[in-house]
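Read the structure below first, then the notes.
The values are calculated or read from the model by the stated rules, or taken from the named source; none is laboratory data. Source: prediction; values computed, not measured. Every residue, glycine as well, gets a Cβ built from its backbone with ideal geometry; the counts of neighbours run over all protein chains shown. Side chains are part of the model used for accessible areas, which takes the heavy atoms of the whole protein and leaves out ligands, DNA and RNA. Shrake-Rupley method; radii C 1.70, N 1.55, O 1.52, S 1.80 Å.
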Amino acid sequence: MNSSRTAWALLAPTLIILAFVGLLPFFYVLYVSFFDWNIFSKTGVMSWAGAENFRRLVFDADFLAALKRGIGFTCIAVSIEMVLGLTLAQLLMIRFKGRSIFRALHALPLTVAPIAVGATWRLMTIPGMGPVSYFLQQLGIDYNIGRSASQAFFTTVLMDIWHWTPFVTLTFLAGLSALPRAPFESAMVDGANRWQIFRHISLPMLRPVILTALFLRIMDALRIVDEVWMLTGGGPGTSTRYVGIHLWRIVFPKTDYGYGSAMSVLLLYFTIVLCWLLITAITQSRKGAGT
Amino acid sequence: MKKSRITLFLVAFVSLAFVLTSSVVFAAGEEWWTRAAKPYKGVTIKGISESTPPSKFMQRVLAKKFQEKTGIKVEFEVTSWDMMYDKEIKDMEAGTGIYDFVYIEQDIIYGYLAKNFLVDLTVFMEKHPELVFADLDMDDFTSFINYFKAADTGHLYGFPFEAFLKVYLYRKDLFEDKACTDAFKAKHGRNLTPAKTFEEYSQLAEFFAKWGKDNKMNLWGTTVQAGSHPAAFYEMAETIWPSWGIYNWGINMDNWKATTANGGTLNSDKAKEALKFWVGMLKYAPPEATSSTWDEVAASFAGGRAAQGWVYGENAAWIATDSTRSKVVGNVGVALPPLAPGVLEDAKAGRGYIGYYDGGALGIPHSSKNKEAAFLFLQWVTRKDFQGEFAKAAARIVRTSTFDDPLVKEMDAKVDHYYSLFEKEGYLFAGAPPFPFHPTIREVILPYMLKAISGEITPEAALDGAANDVDAELVRLGYGK
């Protein structure tokens, strides 16, 4: 009993902070989502809208397009990050000269603030002036993220991969380092090759780590704003206006707080459902493999 | 001989008396600032503004001088346009009181007044006469100050510190180059002169883009402010459309409708033609045009990458004179923008305007905790005796007396008489329409414009969609039915 009280007492500060910075804002956003509230409307006051904001969302072609773009971006960027991260983690498990230096260097992008990442990439790729566009032009490649929607899209994907693959690598590296040695040694004694060891031992044992990294990256990529905002501003046209940027423009520059809040709630719901579906699919496949 | 000595003595005496009197008055004026600020010595005031040449000058030069003179510390945050609005609107809406003075761009003042964000400076001055500088001279401000007065009471809500025109800049060296002029005349049968019409503008844009390509120069025919940013909307709505005769963003202010079916002009044939023209200019613009806001447009022009363009006047001075940042020093021509038939007549008769008279003021939010100290700073940056230096550095003028300042006169010749044009033709330009819903409607139109720029949809479809959405949004905001 006493130890339980002590545990709650120790947890209390964290729970209080969590309530203030996590739960309270969430419930406030949920509350605002049922109102029509734009500070530049004629009255400027909140008026009850019921579920109208959510109804509008379902028919909002711009929102749905932004969501679709965001999902596309997330699928491509996160898939590549996972594969690349896992490969790099495997390679970094091998002992070689300069391994520590390489580990430290490859984690450097993680230390850069997203807004600075966007600014740096913008400086490098600014059409006509950035070194990347300049050198590609010298090679005869017309690279202009201000005009080509596909180039802009894939540049944002590339930037995200550059920025976040080290996070995935480090997560997998921690996971791999923590795995028990015995199953690997047994497999080697039994004559299993590297691929078989990876496929049948490393991967299944890493499943919790993979899931954690995957969910974190999906949640992060779906709500990406600052890097892309800095790099392309959501353009050209609306080609990189992912759902996070769309939401930001609705809430802040447009000051449509009610509608923007409804959008946030729906996006949160969508993210939870997506993660739940993923975890179910992975669990089901695991069960299927076990039977 | 005796007479000349007497004359000499009299001249010397009068000069000495004048110098002494001026020094005493000046010293008394200087002393006033220290005296008036005494109760607030040690106070820190915090303000925010956009990162523009005028704001940087205030931050770098004027705020420091103010601090030295008054002992009031100024924390002047100069940030991007988006961030500035994001931060100050949130601060004023929530009433947190982070900022003691805020930047009020001419186009946002109506929204701020509707929300009652700002302190009524007329009332403030009546209540605190001891804080009003004797030489404030309100009558000396240009008519631009009227944008910061409430329409019903005439009360002032901001001290303007910057005002400038969005003008047409062109490369004089290219327009005077013999090879260029000959080639142009051979092709178009007329002299190579700055554009007065849109047809001429298109010809020049095409000609210089080709000239740059043929001669392997980093030169294009025109600037276009077409980045994925509100800047694209502003170039269209406040510069291009007015010069085509589409005013007030195409919104009918009698019934708050934008569609032609309801008396608006946003999707009128003329508005569509103007958008088509502007989007069409992209093929003659430097590659960075679709990533450009006002800053990049100025940088492109300063880098010698465009033969002509619409550039905010606040950049004119440094582009024309600062060789550390500009490759076109001494070669900048300034003129009125090209116009559609009848627009100049409209502007002269007060029925319309030919372009954008931009600028901003500093105001004090109700939530400020140091209103008195902030008020002193507002007067400080608009002091008459600082205006010449300020205008020289940032090509902005808010006082009529500044036009006669020797520093401005000297600069005028270097900037192809931009200041003279500003003084004489400024009345043809106008600020943004008095829309309290300015940011919201901008955000409705902007995505359509960006889609037209990228070619996702045609300019015609963009404006049809935008006009319909504006009508619906205005109803939602409580304007019209």
- residue B:408 fails exactly one of (1) over 17 Å from the mean Cα position of the chain (by Cα); (2) surrounded by fewer than 24 Cβ atoms within 10 Å (Cβ to Cβ); (3) closer than 30 Å to residue B:345 by Cα, namely (2)
- From the list B:459, B:434, which residue is more than 8 Å from every other protein chain (Cβ to nearest Cβ), modelled with pLDDT under 95, more than 19 Å from residue A:241 (Cβ to Cβ) and out of contact with any Asp or Glu (no Cβ under 7 Å at 6 or more places or on another chain)? B:434
- Message: Within the stretch B:105-119, take every residue that is within 13 Å of residue B:364 (Cα to Cα) and open to solvent by 30 Å² or more (accessible area, probe 1.4 Å) and give me the one that is farthest from the other protein chains (Cβ to nearest Cβ).
- Response: B:113
- Message: Tell me which helices (runs of 4 or more DSSP H) are completely within the stretch A:113-219 and hold 1 or more residues being touching an Asp or Glu at 6+ places or on another chain (Cβ under 7 Å), or say none if there are none.
- Response: A:114-125, A:149-178
- Within the set of pairs 6+ apart or on separate chains, which have a first residue in the stretch B:251-266 that is assigned to a loop (DSSP other than H, G, I, E, B), a second that is open to solvent by 70 Å² or more (accessible area, probe 1.4 Å) and acidic (Asp, Glu), and C-beta atoms under 8 Å apart? B:263/B:254
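Which residue, of A:269, A:259, is hydroxyl-bearing (Ser, Thr, Tyr), within 14 Å of chain B (Cβ to nearest Cβ) and in a helix (DSSP H, G or I)? Can you show your working first?
Details: A:269 fails: within 14 Å of chain B (Cβ to nearest Cβ).
It is A:259.
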- Filtering the stretch A:220-236 down to residues that are assigned to a loop (DSSP other than H, G, I, E, B) and surrounded by 23 or more Cβ atoms within 10 Å (Cβ to Cβ), which residue is nearest to the chain's Cα centre (by Cα)? A:224
- Query: Looking at B:127, B:90, B:149, which one is basic (Lys, Arg), under 20 Å from residue B:50 (Cα atoms) and without any contact (Cβ under 8 Å) to a residue 40 or more places away in the chain?
  - Reply: B:90
- Task: Mind listing just one residue for me: the one in the stretch A:130-159 that is without any contact (Cβ under 8 Å) to a residue 24 or more places away in the chain and among the aromatic types (Phe, Trp, Tyr) and, of those, farthest from the other protein chains (Cβ to nearest Cβ)?
- Result: A:154
- Could you run through the stretch B:262-286 and say how many residues are open to solvent by 10 Å² or more (accessible area, probe 1.4 Å), within 12 Å of another protein chain (Cβ to nearest Cβ) and among the hydrophobic types (A, V, I, L, M, F, W, C)? 2
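Here are some residues: B:61, B:123, B:102. Which one is open to solvent by less than 40 Å² (accessible area, probe 1.4 Å), more than 14 Å from every other protein chain (Cβ to nearest Cβ) and more than 24 Å from residue A:37 (Cβ to Cβ)?
On inspection, the qualifying residue turns out to be B:61.
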- Can you name the condition, by its number, that residue B:427 falls short on among (1) modelled with pLDDT under 95; (2) assigned to a helix (DSSP H, G or I); (3) open to solvent by 30 Å² or more (accessible area, probe 1.4 Å)? (1)
- For the stretch B:437-456, enumerate the residues that are more than 7 Å from chain A (Cβ to nearest Cβ) and basic (Lys, Arg). B:442
- Over the stretch A:117-154, the set of residues more than 16 Å from residue A:228 (Cβ to Cβ), open to solvent by 30 Å² or more (accessible area, probe 1.4 Å) and among the polar types (S, T, N, Q) is A:137, A:138
- Note on the structure: Across (1) of a type in the set (A, V, I, L, M, F, W, C); (2) under 22 Å from residue A:244 (Cβ atoms); (3) within 14 Å of chain B (Cβ to nearest Cβ), residue A:76 clears everything bar (3)
- Message: Can you tell me which of (1) more than 20 Å from residue A:146 (Cα to Cα); (2) of a type outside the set (Lys, Arg); (3) within 13 Å of chain A (Cβ to nearest Cβ) is the one residue B:226 doesn't meet?
- Response: (1)
- Query: Looking only at the stretch B:374-403, which residues are charged (D, E, K, R) and at pLDDT below 95?
  - Reply: B:383, B:384, B:385, B:389, B:392, B:396
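Listed here are the residues, each with its yes/no results for (1) touching a Pro at 6+ places or on another chain (Cβ under 7 Å); (2) closer than 15 Å to residue B:283 by Cβ.
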residue	(1), (2)
B:194	no, no
B:200	yes, no
B:206	no, yes
B:210	no, yes
B:225	no, no
B:229	no, no
B:232	no, no
B:238	no, no
- Task: Only one of these is within 14 Å of another protein chain (Cβ to nearest Cβ) and open to solvent by 10 Å² or more (accessible area, probe 1.4 Å): B:232, B:209, B:179. Name it.
- Result: B:209
- Query: Within the stretch B:384-405, how many residues turn out to be under 18 Å from the mean Cα position of the chain (by Cα) and open to solvent by 10 Å² or more (accessible area, probe 1.4 Å)?
  - Reply: 5
- The listed residue being under 20 Å from residue B:242 (Cα atoms) and outside any helix (DSSP H, G or I), out of B:452, B:432: B:432
- Quick one: which residue in A:246, A:200 is modelled with pLDDT of 90 or more and under 30 Å from residue B:445 (Cβ atoms)? A:246
- Hits in the stretch B:77-97 - residues which are open to solvent by 20 Å² or more (accessible area, probe 1.4 Å) and under 21 Å from residue B:62 (Cα atoms): B:77, B:78, B:79, B:80
- Scan of the stretch A:157-216 for residues that are small (Gly, Ala, Ser), farther than 28 Å from residue A:70 by Cβ and either touching a strand residue (DSSP E or B) at 6+ places or on another chain (Cβ under 6 Å) or open to solvent by less than 40 Å² (accessible area, probe 1.4 Å) (or both), ordered by number: A:187, A:192, A:202
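For every residue, the table says whether it meets (1) under 13 Å from residue A:260 (Cβ atoms); (2) within 14 Å of chain B (Cβ to nearest Cβ); (3) surrounded by 13 or more Cβ atoms within 10 Å (Cβ to Cβ).
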{"position": "A:6", "(1), (2), (3)": "no, no, no"}
{"position": "A:29", "(1), (2), (3)": "yes, no, yes"}
{"position": "A:48", "(1), (2), (3)": "no, no, no"}
{"position": "A:61", "(1), (2), (3)": "no, yes, no"}
- Query: What residue, among those in the stretch B:287-311 that are open to solvent by 10 Å² or more (accessible area, probe 1.4 Å) and in contact with a strand residue (DSSP E or B) (Cβ under 7 Å, 6 or more places away or on another chain), is farthest from the other protein chains (Cβ to nearest Cβ)?
  - Reply: B:294
- Message: Among the residues of the stretch B:97-138, what is the count of those that are closer than 22 Å to residue A:41 by Cα and of a type in the set (Ser, Thr, Tyr)?
- Response: 3
- Message: Checking the condition among the hydroxyl-bearing types (Ser, Thr, Tyr) and either at pLDDT 95 or above or in contact with a Cys (Cβ under 6 Å, 6 or more places away or on another chain) (or both), which residue from B:110, B:103 passes?
- Response: B:103
